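Since the structure comes first, as structure tokens, the remarks are kept for the end.
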Amino acid sequence: MIKNNDRAICLLLYFLFGFILQAQAQVSIIPQPASMELKDGYFILDENTSIRFKPGNRELAALGAYFSNHISEVAGYTLPLNKKKGKSIRFVLERMADVGAEGYKLSVSPSAILIKANTRAGIFYGLQSLLQTLPAVRTNQALQVPCMEVTDEPRFGWRGMMLDVSRHFYSIETIKEFIDLLALYKMNTFHWHLTDNEGWRLEIKKYPKLTLVGAWRQEIPGSVFYKQDSTYKEPLTGRPYTYGGYYTQEQAKEVVAYASARNITVIPEIEMPGHSGAALAAYPEFSCTQHPQQVPNSTLWNGVTDPAEISLNYCAGNDSTFLFLQDILKELMVIFPSAYIHIGGDEVDKSYWEKCPRCQKRMADENLENEEELQSYFIRRMEKYLLAHNRKLLGWDEILEGGLAPSATVVSWRGEKGGIAAAKQGHNVIMSPSDPLYFNRYQAGPEGEPFAAKYSINTLERVYNYNPYPEALSSAETKYVLGGQFAIWTEFISSVEHLEYMLLPRMPAIAEALWTPLEKKDFESFVNRLNQWHFIAWEQQGIRFHPLYYKSRTHEASRK
Ligand code: ACM
Ligand code: ZN
């Protein structure tokens, strides 16, 4: 009798608990919306649900097709567009004062779904939220969307990722996969690190050797980049082999269009005056020594090399260097319509310039006190060119040294101090402190993780808790902080699987940090939402992620 009672109670608890879990599982949107009110009831989405928008609006038609395509992945059917009768999902563009350019309102009732926004970007983000209310995996069951009212907009206008494709090259298929992931989490900026010492990755028609020579290097098995990367298998011969790749201009344009359709701006980075070993292997006449050299291979780490043998910097005393770089930017600006162009500026080894008579003459002619001021001269000269073409200059925080170019925007990577100094000078700032926003570092620690950059352990929680507003800035000064971005440097990341693992789940964590109002952020809720929807969706799609916070029973079992 007692036993039976216990069983009844157990069953009751089981159902009650199941019910509560189900109620919680209804909506697991990341980033957490600014305002979301769940209501009773569901909208049942089926193949007769029409997507409606103002006929003739091509942008909304494209979003309708995009959403329908996603429905077909989950449910196996597409949705009709602008059918007169029946239930609908409506996209409406209208002036709304209470949400900004990227904001939206999503309203779900049993009879209709309505997404309203000021712009196409807002409708796109409303759709991303809606997609995350659908099942995370393919299903034959009816699609139930919980009734709700969402009013949402981002905390920061700049929500970015930097990806290094020089140290290891990734195909445009992989770039598009990453753009899709960024879009799902409402990130809007892709900073594409296209050049570095170890490889030049963009076709430049006027200077074909940049890719003929600069995109390929002789790789040495067992060298520092690969040493402990568990995903890497050495060629059987153990002999050096050619590694590389590049994007044609057509491919780069395709990426720009793909990203733009997902509200993502692609910002190209062409490194100068340092980190330029690959370009100088192709065109040694623009280095200080002008000696022929090879593209540095992966024995190079953070510019540790013998400067007598290999040049990593452009010569700042040679006018033809500037003309060469301007020609490159000219072609670049046709491919990339972004308001900003990133010119690098980090980690310049000034010893080349100290020994170069041309650079020293430039310093004398221009009354420059030291090599820091020569770097500043270099960047200012490039800024003039960009401004004359209606583009703005973006650079790493070293561009502060020797004096900031007049309207430069600074990406603060060596902590926040560069960002703070730039904001105090009235310059715009993007926060990307390596601790905790460099995703080439460990997520929990060296134990059980592939070899990674050391320095700090950039855990999920530390990434989640990152706030781009430093205490050192007054509220008037914080207006210069446009937002933040994480970075993935790929010295030690040689496969797509490894790249995904470094990205996830840290990218949704920074996405929430950059989107959601501070008072709505909650790490435990974030982890629960990851488990209720996101881990499951990635797993179904075969996308790798770091499993520390994954609570699935199968995973627990596999760890025992
Ligand atoms: C950097 O990490 N050198 C920008
Ligand atoms: Zn020089």
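Just to check I understand the Karplus step: with θ = phi - 60° and J = 6.51 cos²θ - 1.76 cosθ + 1.60, what whole-Hz values come out for segment 478-492, glycine and proline as x?
Karplus-based 3J(HN,Hα) across segment 478-492 equals 5, 5, 7, 7, 7, x, x, 8, 9, 9, 10, 8, 10, 3, 9 Hz.
Please work out the FRET efficiency for the pair residue 97 and residue 323, using the Cβ-Cβ distance as r and a Förster radius of 51 Å; give the result to the nearest 0.05.
About 0.55, to the nearest 0.05.
Amide H of residue 50 versus every other amide H placed in the peptide plane: which residues, excluding those fewer than 5 positions away on the same chain, fall under 5 Å?
For residue 50, the qualifying residues are 87, 88, 89.
Using the alpha-carbon centroid of each, what span in Å lies between segment 265-290 and segment 510-552?
39 Å
Compute the separation of the alpha-carbon centres of segment 156-220 and segment 389-421 and state it in Å as a whole number.
21 Å
Rounded if a/c is under 1.5, else prolate if a/b beats b/c, else oblate: with a ≥ b ≥ c from the C-alpha gyration tensor eigenvalues square-rooted, which is segment 76-222?
prolate
Let me make sure I get this right: for segment 450-552, a, b and c are the square roots of the gyration tensor eigenvalues over alpha carbons, sorted descending. Under 1.5 in a/c it's rounded, otherwise prolate if a/b > b/c, else oblate. Which is it?
Judged from the Cα gyration tensor, segment 450-552 comes out oblate (a/c at least 1.5, b/c at or above a/b).
Multiply the residue gap between residue 525 and residue 476 by 0.36 nm, knock off their C-alpha separation, and tell me the result in nm, one decimal place.
14.5 nm
Tell me which residues come under 5 Å, amide H to amide H, from residue 199 once H is placed; ignore anything under 5 positions away on its chain.
Excluding prolines and chain starts, which carry no amide H, the hits are 278.
Would you please give the residues with an amide H less than 5 Å from that of residue 340, counting only those at least 5 places away or on a separate chain, with H modeled from the backbone geometry?
Here 392 satisfy the definition.
Please list 3J(HN,Hα) in residue order for segment 408-413, calculated via the Karplus relation 6.51 cos²θ - 1.76 cosθ + 1.60 where θ = phi - 60°; whole Hz, with x for glycine and proline.
5, 10, 10, 9, 8, 10
Taking a ≥ b ≥ c as the square roots of the Cα gyration tensor eigenvalues, with a/c under 1.5 meaning rounded and otherwise prolate when a/b beats b/c, else oblate, which class fits segment 104-150?
oblate
For all pairs of alpha-carbon atoms in the chain, what percent lies in each bin of width 20 Å, listed from the first bin to the last filled one?
20, 50, 25, 4, 0, 0
At R0 = 25 Å, how high is the FRET efficiency between residue 387 and residue 331 if r is their beta carbon distance? Nearest 0.05 is fine.
The computed FRET efficiency comes out at 0.85.
Would you kindly derive the ³J(HN,Hα) couplings of segment 117-133 from the backbone phi angles with the Karplus curve 6.51 cos²θ - 1.76 cosθ + 1.60 (θ = phi - 60°), listing them in order in whole Hz, with x for Gly and Pro?
7, 6, 9, 4, 4, x, 4, 4, 6, x, 5, 4, 5, 4, 4, 7, 8
Hey, what number do you get for the chain at 222 nm if only DSSP H runs of n ≥ 4 count, each worth -39500 (n - 2.57), divided across all residues, to the nearest 500?
That comes out to -10500 deg cm²/dmol.
Find the relative contact order for the chain and round it to a whole percent, using C-alpha pairs within less than 8 Å whose residues are 6+ positions apart.
Rounded, it is 14 percent for the chain.
Over segment 422-529, what relative contact order in percent results from Cα pairs under 8 Å that are six or more residues apart?
Worked out over segment 422-529, it gives 33 percent.
Dimensions of segment 320-445 along principal axes (Cα, Å, largest first)?
That works out to 50, 35, 29 Å along the principal axes.
Just so you know, all these numbers are worked out from the coordinates, no wet-lab data involved. Just so it is clear, the structure is predicted and the values come from calculations on it, not from any experiment. Cβ sites come from the backbone with ideal geometry, for glycine too, and all protein chains shown count toward neighbours.
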